[in-house]
Amino acid sequence: MKKNLIVILLILLVPIAAYMTLAKSTAKTSDISSTNKPQVLKFTSSMCLDCQKMNGIFKEIFPKYEGKIILVEIPVQDSSSFSNSQIEKYNVTLVPTIILLNSDGNLVKRIEGAIEKEEMDKYLEGLE
């Protein structure tokens, strides 16, 4: 009887624990406000292959922009009010979507889907 109860609890609790672990955001999210620096809003999902490709590209090229450009990663599967408000504000319907904002907070470029490293580097280089 005890053994059956333990098995039933494990069957119920393991998927819940796995979901909660996957749903947690490990990304840095900050308040998007008017700053004097350009911003990159990266809408992403942990289950998206193109998002994983873009994450690798950002890991390669973004260190040279640290301190110059603010990177905000917004996981779309996160159901926080911050994520939902940004998804609605920028009308994000697919991932990855990358929004480039200049230092005045105005939209400069919207990128939907994965792009090559050189192209992303060119966009970041021109962001002021």
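With θ set to phi - 60° and the Karplus curve 6.51 cos²θ - 1.76 cosθ + 1.60, what are the ³J(HN,Hα) couplings of the range 53-67 in order, to the nearest whole Hz, using x for Gly and Pro?
4, 5, 4, x, 5, 5, 4, 6, 9, 6, x, 6, 9, 4, x
What is the list of residues in the range 96-123 whose amide nitrogen lies under 17 Å from a point 7 angstrom out from the Cα of Asn36, following Cα to Cβ?
102-106
Which is farthest toward the positive dipole end of the range 26-125 among Ile111, Phe62, Asn91, measuring Cα position about the Cα centre, with Cβ charges +1 (Lys, Arg) and -1 (Asp, Glu)?
Phe62
Which whole-Hz couplings ³J(HN,Hα) result when phi for each residue of the range 89-94 is put into the Karplus expression 6.51 cos²θ - 1.76 cosθ + 1.60, θ = phi - 60°, listed in order with x for Gly and Pro?
4, 9, 6, 7, 10, 8
What lysines could a cross-link reach from Lys68, if we take a straight Cα to Cα line under 27 Å and drop same-chain neighbours fewer than 8 places away?
Once the sequence-local lysines are set aside, what remains near Lys68 is Lys28, Lys37, Lys42, Lys53, Lys59, Lys89, Lys109, Lys117, Lys122.
Once you have the alpha carbon radius of gyration of the range 36-128, what is it after dividing by 2.2 N^0.38 Å, with N set to its residue count?
1.01
The numbers here are math on the coordinates, done by the rules we state, and not lab data. All values reported here derive from a predicted model rather than from experimental measurement. Heads up, the Cβs are rebuilt from the backbone with ideal geometry, glycines too, and the neighbour counts pull from every protein chain shown.
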